[in-house]
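Have a look at the structure below, then the notes.
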Amino acid sequence: YISFCCLDIDIHKNVPHVHLHEKRENKDYWHGAEIHVIIEGNWTTHRSRILHYMRQMAVITPYAQFLFRFISDAPDKNLTIKFARRTDVMPP
């Protein structure tokens, strides 16, 4: 089985609001984590902070691979960055 969760976060109180959390069949034996985020605000203003956060995540989790996609209303502004896995060894 896989777990599916849909939530939003009150960023002022740092509290999640869970809208849906369910167990789903995993016919393809998929493993990993997939996260979709909708961020309100000015991408131009906050882009550098979001990408900096993703780089920090890649540094502290060298055994994981991250694929970041920004999808804009203007297709020429779309952005995809792959933070590759740097090790195959999990920490003990």
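Can Ile35 be described as among the aliphatic types (A, V, I, L, M) and in a loop (DSSP other than H, G, I, E, B)? Show your work before the answer.
Working: among the aliphatic types (A, V, I, L, M): yes; in a loop (DSSP other than H, G, I, E, B): yes.
So Ile35 passes the test.
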Taking the condition of being closer than 26 Å to Tyr1 by Cβ and either touching a residue at least 24 places away in the same chain (Cβ under 8 Å) or of a type in the set (Asp, Glu) (or both), how many residues in segment 31-56 meet it? 1
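Please work out if Thr87 is modelled with pLDDT of 90 or more, β-branched (Val, Ile, Thr) and assigned to a loop (DSSP other than H, G, I, E, B).
Values: modelled with pLDDT of 90 or more: yes; β-branched (Val, Ile, Thr): yes; assigned to a loop (DSSP other than H, G, I, E, B): yes.
Spelling it out, Thr87 is indeed modelled with pLDDT of 90 or more, β-branched (Val, Ile, Thr) and assigned to a loop (DSSP other than H, G, I, E, B).
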Considering only residues of segment 78-92 that are surrounded by 11 or more Cβ atoms within 10 Å (Cβ to Cβ) and either touching a residue at least 24 places away in the same chain (Cβ under 8 Å) or hydrophobic (A, V, I, L, M, F, W, C) (or both), which is farthest from Val37 (Cα to Cα)? Arg86
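The values are calculated or read from the model by the stated rules, or taken from the named source; none is laboratory data. Owing to the predicted nature of the structure, the values given are computational and were not obtained by experimental measurement. Note that we place each Cβ from the backbone using ideal geometry, even for glycine, and neighbour counts take in every protein chain shown.
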